[in-house]
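Before any comments, here is the structure.
The values are calculated or read from the model by the stated rules, or taken from the named source; none is laboratory data. This structure is a prediction, so every number in the text was calculated from the model and none was measured. Cβ atoms come from the backbone with ideal geometry, glycine included; neighbour counts cover every protein chain shown. Accessible surface areas use protein heavy atoms only, side chains included; no ligands, DNA or RNA. Shrake-Rupley method; radii C 1.70, N 1.55, O 1.52, S 1.80 Å.
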Amino acid sequence: MEPLVWRAGSTARIAAALWCAVFVVSTVPPAGGSLADPSAGGLVAAAWTSLVAGWVACRLALWRITADGDGIRFNRMWSTAVMPWSAISHAEARRDGFLEFVGPAGEPMGGLFRPPWLSRLLGRPDDAGEAADTLTALALHPWLRPSVRVGRTLTDTPYARWAVPLGILLCIARDLVHR
């Protein structure tokens, strides 16, 4: 059985692009945060807000959860989290669309599904609930788990790989728009 993968769809990618456009148009660089009149503090503030906006866009558009024979993998800012099946008692779909993995210390979250209340409002299936049910069944019943280990093509990449260049691009674009 092949690894199971849940990931952001085209709607999430469009939302991330809109997020970036709104950020560039609606935020003004702080005093000294412009490349035309730079100051150290202003540039740090401008770069920091742009990096946070880039991280939010990556969180929306690039999330992926992969379940394979070893456990569950999902991306974080600087690394890919790998949770073995033995550490997970079950998965829960939260009201905000995240999946929460119950059992490990800190109960990490992964994914960013459409919130269940929005799914009901739109008359769409509850993807978060279905993914949580599937992952819970896999955690409780070892014979249901995919036997294949994840290859390089399905390995998640940390958000920093994309968020840092995107943040720099957003900082420059915001500076150019507000000149």
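Numbers below:
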| read-out | value |
| --- | --- |
| When residues of the stretch 80-97 are limited to those that are of a type outside the set (Asp, Glu) and outside any strand (DSSP E or B), the one nearest to the chain's Cα centre (by Cα) | 97 |
| Filter result (closer than 9 Å to residue 50 by Cβ and touching a Gly at 6+ places or on another chain (Cβ under 7 Å)) within the stretch 161-179 | 166, 167, 170 |
| Selected residue (criterion: farthest from residue 112 (Cα to Cα)) from residues of the stretch 29-55 that are open to solvent by 30 Å² or more (accessible area, probe 1.4 Å), within 26 Å of the chain's Cα centre (by Cα) and of a type outside the set (Ser, Thr, Tyr) | 44 |
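The rows are residues; the columns are (1) farther than 15 Å from residue 8 by Cα; (2) aliphatic (A, V, I, L, M); (3) touching a Pro at 6+ places or on another chain (Cβ under 7 Å).
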site: 28; (1), (2), (3): yes, yes, no
site: 38; (1), (2), (3): yes, no, no
site: 46; (1), (2), (3): yes, yes, yes
site: 57; (1), (2), (3): no, yes, no
site: 82; (1), (2), (3): yes, yes, no
site: 87; (1), (2), (3): yes, yes, yes
site: 94; (1), (2), (3): yes, no, no
site: 100; (1), (2), (3): yes, no, no
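Matching residues to (1) over 13 Å from the mean Cα position of the chain (by Cα); (2) polar (S, T, N, Q); (3) surrounded by 17 or more Cβ atoms within 10 Å (Cβ to Cβ):
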| position | (1), (2), (3) |
| --- | --- |
| 71 | yes, no, yes |
| 78 | no, no, no |
| 124 | yes, no, no |
| 132 | yes, no, yes |
| 144 | yes, no, no |
| 147 | yes, yes, no |
| 160 | no, no, yes |
| 165 | yes, no, no |
